[in-house]
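Note sheet for the following structure.
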Amino acid sequence: MPTEPISPGGGLGALDPASEPQVRLTAWVRGRVQDVGFRWWTRARALELGLVGSASNLRDGRVEVVAEGGRPACENLLELLRSAGTPGHVTGVTELWSGARGGKVGFVER
């Protein structure tokens, strides 16, 4: 029985991230998402997917997530941000897609 190759990012992202165009996902997450471990949870999911970027608290109570990598991995992260399994309570996510800018290393909480 054939098995699917595991990506370097832990098996949840694209099969070969180096061969696909890199994108940037910027997502603004609304709800009770500050002081509940949301940024830490987001960082862990992004690293599992092999993404780089950041999760930052905003003054208005939202969390801004900026992630760069392959489109399938970024779409997977977006789906996770919208899922019921997040810390706190997400009431909405707004997304913006653009080309990757590069220059990011790892995934940080701000």
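The values are calculated or read from the model by the stated rules, or taken from the named source; none is laboratory data. All values reported here derive from a predicted model rather than from experimental measurement. All Cβ positions, even for glycine, are placed from backbone atoms using ideal geometry, and neighbour counts span all protein chains on display.
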Looking at the structure I just gave you, is R32 at pLDDT 50 or above and over 19 Å from V108 (Cα atoms)? yes
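I'd like to know if the stretch 89-99 contains one or more residues that are crowded, with 21+ Cβ neighbours inside 10 Å and not basic (K, R). Full working, then the answer.
Let us first name the residues in the stretch 89-99 that are crowded, with 21+ Cβ neighbours inside 10 Å, namely none.
Among the residues of the stretch 89-99, not one is crowded, with 21+ Cβ neighbours inside 10 Å and not basic (K, R), which makes the answer no.
Are any residues in the stretch 76-88 surrounded by 16 or more Cβ atoms within 10 Å (Cβ to Cβ) and under 14 Å from A46 (Cα atoms), and if so, which ones? Quick ask: steps written out before the conclusion?
Within the stretch 76-88, the first condition is being surrounded by 16 or more Cβ atoms within 10 Å (Cβ to Cβ), and the residues that meet it are 76-78, 80-81, 86, 88.
Matches in the stretch 76-88: N76, L77, L78, L80, L81, T86.
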Any residue that is under 17 Å from the mean Cα position of the chain (by Cα) and either modelled with pLDDT of 95 or more or outside any loop (DSSP other than H, G, I, E, B) (or both) - is there at least one of those in the stretch 4-15? no
